[in-house]
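Notes for the one structure printed next.
What follows is calculated from the coordinates using simple rules that are stated; it is not laboratory data. Predicted, not measured: the structure shown is a model, and the values here were computed from it. Neighbour counts run over all protein chains shown; Cβ positions are idealised from the backbone, glycine included.
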Amino acid sequence: MYAQMVKTDGTRVKSLDDMEPEERAFQQRIEAGQKIEPKEWMPEAYRKTLVRQISQHAHSEIVGQLPEGNWITRAPTLERKAILLAKVQDEAGHGLYLYCAAETLGISRDEMYEQLHSGKAKYSSIFNYPTLSWADIGAIGWLVDGAAIMNQVPLQRCSYGPYARAMVRICKEESFHQRQGFDILAKMVKGTPAQKAMVQDALDRWWWPSLMMFGPSDDASVHSAQSMAWKIKQNSNDELRQKFVDQTVPQADYLGLTVPDPELKWNETKGGYDFGEPDWKEFFEVIAGNGLCNAERLGARRKAWDDGAWFREGLLAHAAKAEARRTTAPAAAE
Ligand code: FAQ
């Protein structure tokens, strides 16, 4: 349960006693670990929270293809190119499962795209940073997929059935993605001094943005208390960030790299690392649309949508003709 069940505006998450019978029964099902399925009764705010989170998650997978897509033609070997292509294809697949999961809540795919293209819906802050070298592709796999797994494994136990089930396959594929990133870097750190420096430079640039993927600190996380009461989220943003740091620092040590945080220190008492605060001003700027690549990323998605207009129109025209044939055929046969 979320530590205090108090929201950032100071109000408390509703207790069972404050609920009407229908909502109380719903909450009791959640607390008993039952899954909520499409078309079952749910509070409107639960539905809206899921639509927001799942659609933003889907957009992140789709926009997340762009920084890596940039390197497909420049991957250093045919094997690396094939692996990267497969990874980027997986991300398209994740986006599609997640859009399907969100559609079960009554929002259409077109509405979700419109929210992305108009800037109303968010996508993960991490994809607004540029990929400057091949080592960045390793860093994305190792750190970005590593953070995504840390966040997504608990989502397999989310109270909403379609989201939880989509996450099972996604998590399996993310594990492969994380390993391919680590493998790129493990090879490079054994290469020339210039290659090792490239890896350190990638870690220096991707470390803090990766920590920001978990969202704002708990005291600034507006949705956590309610989302945890509904078991959409199982852990707070800071809990998952801590787990990620504890898991990743030994991996950086293994690679012979230095994590760019002077405050990083093992804390025997808590059995985890103490670490510095991410630059939250930068985080809020990025999610407000003012990061290094926000304009480029959204521009690419809008262009893809506009360039696909002829194809969507073609599909609709074909469907209309097929439907007309289907409805007129019996009459013609008489
Ligand atoms: N970026 O109250 P909270 C991937 C927003 S998938 C942008 O803490 P919540 C795969 C948040 O939406 C990565 N915005 O919110 C891959 C809210 O704004 P809103 C994506 C962020 O929802 C790898 C406001 O701040 N994963 O990487 C971020 O309880 C490699 C207040 O925040 C998911 O989406 C952020 N980092 O917790 C692909 C996982 N953090 O909506 C390609 C599912 C917060 O009110 C290559 N999502 N915000 O306008 C979640 O677990 C949650 O939504 C959190 C945020 C943890 C992201």
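Which of the trypsin sites (Lys or Arg not before Pro) across segment 39-95 are loop residues per DSSP, with 11 or fewer other Cβ within 10 Å?
Values: sites: K39, R47, K48, R52, R74, R80, K81, K87; in loops: K39.
When the trypsin sites (Lys or Arg not before Pro) of segment 39-95 are filtered for loop state and at most 11 Cβ neighbours within 10 Å, K39 remain.
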task = Any aspartates and glutamates with Cα under 20 Å of the K7 Cα? List them, leaving off those in the same chain fewer than 8 positions away.
result = D17, D18, E23, E31, E44, D218, D219, D238, E239
ask   = Which of D201, D18, D274 moves most in a GNM of the chain, Cα contacts under 10 Å?
value = D18
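Just flag the chymotrypsin sites (Phe, Trp or Tyr not before Pro) in segment 29-127 sitting in loop per DSSP whose Cβ has no more than 15 other Cβ atoms within 10 Å. Present the calculation step by step, with values, prior to reporting the outcome.
Numbers: sites: W41, Y46, W71, Y97, Y99, Y113, Y123, F127; in loops: W41, W71, Y123.
Filter output for segment 29-127: W41.
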key: Reach of K87 by Cα under 25 Å, taken over lysines that are not fewer than 8 positions away in the same chain   = K122, K172, K187, K190, K196, K243, K303
request  = Would you mind checking segment 129-159 for residues with the amide N under 11 Å from a putative spin-label position 7 Å along Cα→C-beta of Y254?
outcome  = none
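Of the trypsin sites (Lys or Arg not before Pro) in segment 258-334, which ones lie in a loop per DSSP and count no more than 12 other C-beta atoms within 10 Å? Show your work: numbers first, answer last.
Details: sites: K265, K270, K281, R297, R301, R302, K303, R312, K321, R325, R326; in loops: K270.
Answer by residue number: K270.
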query = Taking the chain as a Gaussian network, Cα atoms linked when under 10 Å apart, which of N237, N290, N267 shows the biggest mean-square fluctuation?
reply = N267
query = Per residue of the chain, what 222 nm ellipticity follows from adding -39500 (n - 2.57) for every DSSP H run with n ≥ 4, rounded to the nearest 500?
reply = -20000 deg cm²/dmol
ask   = Mind checking which of A295, A139, A164 has the largest fluctuation in a GNM of the chain, springs on alpha carbons under 10 Å?
value = A295
message = List residues of segment 96-114, by number, whose backbone nitrogen lies under 19 Å from a label position 7 Å along Cα→C-beta of K39.
response = 100-109
request  = Please give the residues of segment 30-68, grouped as numeric ranges, whose backbone N is less than 11 Å from a label point set 7 Å along the Cα-to-Cβ vector of E111.
outcome  = 48, 51-52
ask   = Among all the lysines, which ones have a C-alpha under 16 Å from K14's C-alpha, if same-chain residues fewer than 8 places away are not counted?
value = K231
request  = Calculate the spin-label point distance for R74 paired with Q156, positioning each point 7 Å from the Cα along the beta-carbon direction, and give it in nanometres.
outcome  = 3.5 nm
task = Mind putting together the pair-distance distribution for the chain? All Cα pairs, 10 Å bins, whole percent per bin, short to long.
result = 5, 23, 31, 23, 12, 5, 2, 1, 0
inquiry  = Can you give me the long-range amide H partners of Y273? Hydrogens built in the peptide plane at 1.01 Å from N, cutoff under 5 Å, separation of 5 or more residues or another chain.
reply    = D246, N267
inquiry  = Amide H of I36 versus every other amide H placed in the peptide plane: which residues, excluding those fewer than 5 positions away on the same chain, fall under 5 Å?
reply    = Y160, G161
request  = Please work out how much length the chain gains when fully extended from D9 to L132, using 0.36 nm per residue of separation minus the C-alpha to C-alpha distance, in nm with one decimal.
outcome  = 40.3 nm
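Starting from the Cα-Cα distance between E282 and H318, subtract it from 0.36 nm times their residue separation and give me the gain in nm to one decimal.
Details: separation 36, 0.36 × 36 = 12.96 nm, distance 4.76 nm.
This chain segment gains 8.2 nm when fully extended.
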note = Total charge of the residues flanking G289 in space, meaning their Cβ is under 14 Å from its Cβ, with Lys and Arg +1 and Asp and Glu -1, is +2
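What FRET efficiency, computed as 1/(1 + (r/R0)^6) with R0 = 45 Å and r the Cβ-Cβ distance, is obtained for W310 and T269, rounded to the nearest 0.05? Kindly include the intermediate steps, with their values, before the conclusion.
Numbers: r = 63 Å, r/R0 = 1.40.
With a Förster radius of 45 Å, E is 0.10.
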